[in-house]
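Chemist: Submitted below is the structure of interest, expressed as structure tokens.
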């Protein structure tokens, strides 16, 4: 695995800067876990019957970014990236996907999410969450997406270790 060049979140910062930094730290962690692997290695599944792979996690988190930033704050009807319906599980099957395809989609959604967050005047800004049929704050969205990354980066730790024995960070 490559050297760790992630930027550590602040130990004493404001709420918004801290949330932003932790989210970016976890995004960088996912990318780091995938670094240096071939498409085939990125598609390597954890264990049957699971379709979970590092590439599947990248695809899934592209969907998460889209569902929680683009669909909530910009376009409630924006189509999902990997499924016609809102099916987060569909993204896990990366058997026909490539690094280029998955990372291009994920990076585009991350950039859009950052733009949405930066242009919001405060964490109290709300958007409509169509699946929940209710308004949610940017604060809630950032915490929710941060928790998604934390959970799935734990999976990425095990998946990477299974591919080439790399552990840590």
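The values are calculated or read from the model by the stated rules, or taken from the named source; none is laboratory data. For clarity, every value in this text was computed on a predicted model and none was experimentally measured. No Cβ is skipped: glycine too gets one built from the backbone with ideal geometry, and neighbour counts run over all protein chains shown.
Chemist: Those residues that are touching a helix residue (DSSP H, G or I) at 6+ places or on another chain (Cβ under 9 Å) and without any contact (Cβ under 8 Å) to a residue 60 or more places away in the chain, I need them from the range 43-65; list them, please.
Modeler: Result: 43, 45, 47, 50, 51, 55, 56, 58, 59, 62, 63.
Chemist: Tell me yes or no: at least one residue of the range 112-119 is at pLDDT below 95 and crowded, with 16+ Cβ neighbours inside 10 Å.
Modeler: There is no residue in the range 112-119 that is at pLDDT below 95 and crowded, with 16+ Cβ neighbours inside 10 Å.
Chemist: Could you list, in sequence order, all residues of the range 94-103 that are part of a loop (DSSP other than H, G, I, E, B) and crowded, with 18+ Cβ neighbours inside 10 Å?
Modeler: Residues satisfying the conditions are 94, 97.
Chemist: From the list 82, 68, 106, exactly one residue is surrounded by 15 or more Cβ atoms within 10 Å (Cβ to Cβ), in a loop (DSSP other than H, G, I, E, B) and in contact with a helix residue (DSSP H, G or I) (Cβ under 7 Å, 6 or more places away or on another chain). Which is it?
Modeler: Checking each option against the conditions leaves just 82.
Chemist: How many residues, within the range 155-165, are closer than 11 Å to residue 32 by Cα and either buried (at least 17 other Cβ atoms within 10 Å of the Cβ) or modelled with pLDDT under 90 (or both)?
Modeler: Residues that pass the stated criteria total 2.
Chemist: While we're looking at this one, here's another question. Could you list, in sequence order, the residues of the range 126-154 that are within 12 Å of residue 61 (Cβ to Cβ), in contact with a helix residue (DSSP H, G or I) (Cβ under 8 Å, 6 or more places away or on another chain) and surrounded by fewer than 16 Cβ atoms within 10 Å (Cβ to Cβ)?
Modeler: 150
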